[in-house]
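Beneath this line is the structure, given in structure tokens, with notes to follow.
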Amino acid sequence: MTTMETETRVATRSWVQWAAWVLVMAWSAGAVAAPRLCLSGSNTLGEKLAPALVKAWAQRQSWVLRTESRSAADETRLLFAGTDAPVVDVFAHGTSTGFAALRDGQCDIWMASRPVREDEIAAAASRGRLYERGQEHVVALDGLAVIVHPSNPIGALTVAQVRDLFAGRVRDWSRLGGRPGAVVLHARDDRSGTYDTFRSLVMGDAALAPGTTRYESTEQLAAAVAADPNAIGVVGLAGIGGARAVALSDEDTRALPPTSVAVATEDYLLSRRLLFYTAQRPSADAQAFVEFAVGAGGQDVVRRLGFVPQGVSAYDVPSPGDGDYAALVAGARRVALNFRFGEGIALLDNKALEDVDRLARFLRQPAQAGLEIVLVGFADRSEITPYAALSLSNDRVDLVAEALRREGLRVARQRGLGQIAPVASNATVPGRQRNRRVEVWLLPMAVTAGQAPRRPVTSSGG
């Protein structure tokens, strides 16, 4: 072989190697530059629900799950095959960690098991106004369940008793009518939105008793309670596992267990909203994913995983005790949603605006023809005088009625009843917020005199 042939072959081989290197680097650059969607925050959302929502959304896009890996506890990475499929990271280390990630631009979606606070709104002003519609998205409804071992004979507790237990003021179950035995306390960690909510709704200024075992994982907490006859803990509704939830009551209210209906109406004392927060201008993937999560497909996933979806459901319930109240809703079925308001005002919040749309879609279905709406409004006992509270409750009913009529819906009856029928204590801010509400009832109409009314379908998707 001549020197020229050798040099040509070497040059050709070098060119091929260089070309191959360029292709590898281009592929690597493409892999690095693949779109990424990041969710960070609540363990209640991030442990199971968020990954399940991501998978269902990806399936809707015809993407195929290639790998699901965990680099650390409560950190999930999902890789999909498909055109423009993003790499999805879910970090579930607690609500407060997700706020910091959104604020600092490290993640696209903040998973929160409590509403954004005023100081957080100010601190994240560069990301927009987090409390506004379009940035605050209610994904599911949940209730904090106070759980005990299945063999524990206590079936109901007051909020004050739960506070005394977790503050260490009641140390033996026999003081509450249970079997003798030292109370063993389990709670989520301080970064958890679940614990934030429990502290706000139950503990108040009372400190958690020393020696309480703390957890980052809901699943581990529930397993510990289910294994110990003397244990008590607090988890989200979907995290009860092998333990048992007790019913809860407050002053002037009856004990309610965390059923789907009680949580959906938010009448259950420890009901809460699970939320996604996004920046003012989210990425296309973040926007598309959130829209899927709050829509019918996402709400099916919410239901399947044991949370309470935001579909519209109607139920037969016991007649109210108050005469005027009972007469107003006679023959009607209770809708599992309430409209709630701030103190002294009549403004619909973001969830209420979405609920107007949901109710309208439900009642436009052919199966719901012949239904009319009954609205009943209530105030709390701190709202000035009984007469002023009655006026406020009527203002709130009128506001909801106007919003529904703009959707072409028939409101047959609307009335504010003032300060009667509290569902929570009027002595606390969260309790008063629950008592300021407008309930929705559905009344079937007879087509002609003597004809039985039609029974409506009981539920609809989100």
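Can you name the residue in the range 35-89 that is of a type in the set (A, V, I, L, M) and surrounded by fewer than 13 Cβ atoms within 10 Å (Cβ to Cβ) and is also nearest to the chain's Cα centre (by Cα) among such residues?
Checked the range 35-89; the qualifying residue nearest to the chain's Cα centre (by Cα) is ALA73.
From the list ALA284, ALA332, ALA279, which residue is more than 24 Å from GLY236 (Cβ to Cβ), of a type outside the set (S, T, N, Q) and in contact with a Lys or Arg (Cβ under 8 Å, 6 or more places away or on another chain)?
Matching residue, one of ALA284, ALA332, ALA279: ALA279.
Here is a list of conditions, (1) within 24 Å of GLY311 (Cβ to Cβ); (2) at pLDDT below 90; (3) crowded, with 18+ Cβ neighbours inside 10 Å; (4) not polar (S, T, N, Q), and GLU383 meets all of them except one; can you say which number that is?
Result: GLU383 passes all but (1).
From the residues in the range 325-369 that are among the acidic types (Asp, Glu) and farther than 22 Å from ALA262 by Cβ, which one is surrounded by the fewest Cβ atoms within 10 Å (Cβ to Cβ)?
Within the range 325-369, the match that is surrounded by the fewest Cβ atoms within 10 Å (Cβ to Cβ) is ASP357.
Select from the range 303-324 the residues that are under 16 Å from PHE378 (Cβ atoms) and either aliphatic (A, V, I, L, M) or surrounded by fewer than 18 Cβ atoms within 10 Å (Cβ to Cβ) (or both) and list them in ascending order.
VAL317, GLY321, ASP322, GLY323, ASP324
In contact with a helix residue (DSSP H, G or I) (Cβ under 7 Å, 6 or more places away or on another chain) and charged (D, E, K, R) - does that describe any residue in the range 61-72?
No, the range 61-72 contains no residue that is in contact with a helix residue (DSSP H, G or I) (Cβ under 7 Å, 6 or more places away or on another chain) and charged (D, E, K, R).
Determine which single condition TYR131 fails, assuming it passes every other condition in (1) surrounded by fewer than 21 Cβ atoms within 10 Å (Cβ to Cβ); (2) under 17 Å from the mean Cα position of the chain (by Cα); (3) in a helix (DSSP H, G or I).
(3)
Which one is surrounded by the fewest Cβ atoms within 10 Å (Cβ to Cβ) among residues in the range 204-219 that are of a type outside the set (Ser, Thr, Tyr) and within 21 Å of the chain's Cα centre (by Cα)?
GLU219
Considering only the range 85-97, state which residues are closer than 25 Å to TYR215 by Cβ and touching a residue at least 60 places away in the same chain (Cβ under 8 Å).
Answer for the range 85-97, where residues must be closer than 25 Å to TYR215 by Cβ and touching a residue at least 60 places away in the same chain (Cβ under 8 Å): HIS93, GLY94, THR95, SER96, THR97.
Provide a single number: the residues in the range 235-262 that are outside any loop (DSSP other than H, G, I, E, B) and either free of Cβ contacts under 8 Å to residues at least 24 places away in the same chain or farther than 15 Å from ARG114 by Cα (or both).
11
With the checklist (1) β-branched (Val, Ile, Thr); (2) touching a residue at least 24 places away in the same chain (Cβ under 8 Å); (3) surrounded by fewer than 21 Cβ atoms within 10 Å (Cβ to Cβ) in hand, flag the one item ILE109 doesn't pass.
(3)
Out of the residues in the range 150-192 meeting the condition of being under 28 Å from the mean Cα position of the chain (by Cα) and basic (Lys, Arg), tell me which one is surrounded by the fewest Cβ atoms within 10 Å (Cβ to Cβ).
ARG191
Might you check whether a residue that is crowded, with 24+ Cβ neighbours inside 10 Å, in contact with a strand residue (DSSP E or B) (Cβ under 6 Å, 6 or more places away or on another chain) and assigned by TED's automatic domain parsing to the domain that holds GLY41 occurs anywhere in the range 276-286?
yes
I'd like the full set of residues that are in a loop (DSSP other than H, G, I, E, B), touching a strand residue (DSSP E or B) at 6+ places or on another chain (Cβ under 7 Å) and under 16 Å from ARG415 (Cα atoms), limited to the range 300-330.
VAL329
The values are calculated or read from the model by the stated rules, or taken from the named source; none is laboratory data. All values reported here derive from a predicted model rather than from experimental measurement. A quick note on method: Cβ atoms are made from the backbone with ideal geometry, for glycine too, and the neighbour counts reach across all protein chains shown.
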